[in-house]
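Worksheet for the structure shown next.
The values are calculated or read from the model by the stated rules, or taken from the named source; none is laboratory data. None of the values given here were measured: they were computed from a predicted structure. FYI the Cβ positions are ideal-geometry reconstructions off the backbone, even for glycines, and counts take in every protein chain you see. What goes into the accessible areas is simple: the full protein's heavy atoms, side chains included, and nothing from ligands, DNA or RNA. Shrake-Rupley method; radii C 1.70, N 1.55, O 1.52, S 1.80 Å.
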Amino acid sequence: MTHADLLDRYARLIVRSGLNIAPGQELVVTAPVEALPLVRRVTEHAYRAGATLVTTLYGDDVTTLARYQHAPDESFDKATGWLFDGMATAFKAGAARLAIIGEDPALLAGQDVDKVARANRARSKAYRPALELIAGHAINWCVVAAATAPWARSVFPDLPADAALEKLWNAIFACSRADQPDPVAAWVEHSRNLRQRTELLNAKRYAALSYRGPGTDLTIGLVDGHVWKGGESLSRNGITCNANIPTEEVFTMPHRARVDGTVSATKPLSYQGTFIDGIRVRFEAGRIVEAHADKGGDVFANMIATDEGAARLGEVALVPHSSPIARSGIVFNNTLFDENAASHIAVGQSYTDTMKNGSTLSAEALASAGANASLIHVDWMIGSGELDIDGVLANGAKEPLMRKGDWAA
Ligand code: ZN
Ligand code: ZN
C-alpha cells in the first residue's frame, strides 16, 4: 500500500471510528501545519459522512518558538481566550472536536522555565471552559497523531530525515490499526476486547490497587463509585466515539486523598515541550510530598505546583506490557502513544465519567466523593515488564491483577 492509500484509510478511520461524526454536525480540528495532507483527507471524509462545516486551526512550532525568543514579557500571561470561548460555543452548539498532534517533543527545552509555566497556566485557564466539555464527554471527540519532521527526528535521531519521517508514519499506521485489511472492523473487535476487560474490573469493585516494581511501592485507593472505562465511549450527545487513536488502556478514578507510597516513572515524559526524565515521587494521603526528576526537575516541580489538585492523582490506567505499542519497542516521546504502551497515572483533573453519576454531580459533591480538580491533566508512565499489581478488595484481601506487566488472568 502506498503512503497516500494508508493516509486515506487512516483519515477514514479517524472520521468513522474515532469521531463517528453524525450527519449535520460541525467539526473543529486543530493540527500542526505539517499535517495539512492528513487534514485534507479528514475534511473530505467528514463532509462525505455528513458534516456541515469543518474548520481547522493550524499551529506551527517555529512561530511558537518565536514568541519565546522575541515577545515582550507581558506576552506570557496572555492566552487566546476569545478563540477558546469560540470553541466552547461551537461544542455547546453540538460541534465535534478533532485534535491532530505531532509537535516537537523538545520544542521548548532551553526556554525560560518561568515563561513556559506562565504561558501554560494562562492557556490552561483560558481553555478550561472548552476542556470541561471535552473531559466531561459532552461531545464526541478524538485525539490522533500526524508524523512531523521534528517529532520523527526526536524518535529516530540516527536515521536520515526522510527515513525517520516514513518510519514514524508507518508506526502510527500500525499502532492505529490503519494498516489492517479493514481498519474500522479491527476497531470494532479491539473495542469489544477492551469492554470485556472493563466489565471484569467493574464487577470486582476493588477498593485499591497495590503496585510493586523497581523503585515502586504504591497503593492507589479508588473512589467508591469508580467506573472503569476503555476504548469507545458514549458521549452525552448520544454519539459513541473513540477519544484516542490509538488506545490500549483501561482507566478509572483514584481517590484524591487515598494514595500512599513511592512510584518511579518508567519512561520520559514530554510536558509542554520539555523532557522530564527519571521521575520519582512519594505520596502521602493522596498528595505528592516529595518529588525528584533526573532531568527537567524544575519543570516538573512547577507542573505539580500549578494548583492544589496538580499534586494529586486524577487518573489511574492499566495497559498490558504486550500491547502492540509496547511491542513496537519504540519510545515515541509522545503521551498519546507512550501512555498506551505502559500502565500509567495522571496528576490533575479527573474524568467525571469515571465515577458513577459523576457527570451530573456538583464540583463540591465530586470533591467530597474523592474526585480531583485541576487546570492540568498530565499522564506519566509507571508500567514495565517488572511491575506487579494486585487488586485490593474492600475487606483488604489482595488478588493478582497484573504480573510482570501483563494481565494475571
Ligand atoms: Zn490514560
Ligand atoms: Zn490521562
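The single condition from (1) closer than 16 Å to residue 344 by Cα; (2) small (Gly, Ala, Ser); (3) open to solvent by less than 20 Å² (accessible area, probe 1.4 Å) that residue 213 fails is (3).
Take region 307-345 and flag every residue that is β-branched (Val, Ile, Thr) and more than 10 Å from ligand 2 (Cβ to nearest atom). Correct list: 319, 325, 330, 331.
Just to be sure before I move on: is residue 199 among the charged types (D, E, K, R) and at pLDDT 95 or above in the structure I sent? Before you say what the answer is, go through the steps one by one.
On the way: among the charged types (D, E, K, R): yes; at pLDDT 95 or above: yes.
The answer is yes for residue 199.
Selection of region 361-383 for residues being crowded, with 20+ Cβ neighbours inside 10 Å and either away from ligand 2 (no atom under 16 Å from the Cβ) or over 30 Å from residue 270 (Cβ atoms) (or both) yields 366, 370. If you filter region 298-319 down to residues that are farther than 27 Å from residue 145 by Cα and free of Cβ contacts under 8 Å to residues at least 40 places away in the same chain, you find that the one that is nearest to ligand 1 (Cβ to nearest atom) is 311. Counting the residues of region 220-264 that are within 16 Å of ligand 2 (Cβ to nearest atom) and among the basic types (Lys, Arg) gives 2.
Across region 107-159, the qualifying residues are those that are of a type in the set (Lys, Arg) and farther than 27 Å from residue 234 by Cβ, and the one among them that is farthest from the chain's Cα centre (by Cα) is 115.
Residues in region 346-360 that are under 20 Å from the mean Cα position of the chain (by Cα) and β-branched (Val, Ile, Thr) were compared, and the one that is farthest from ligand 2 (Cβ to nearest atom) is 352.
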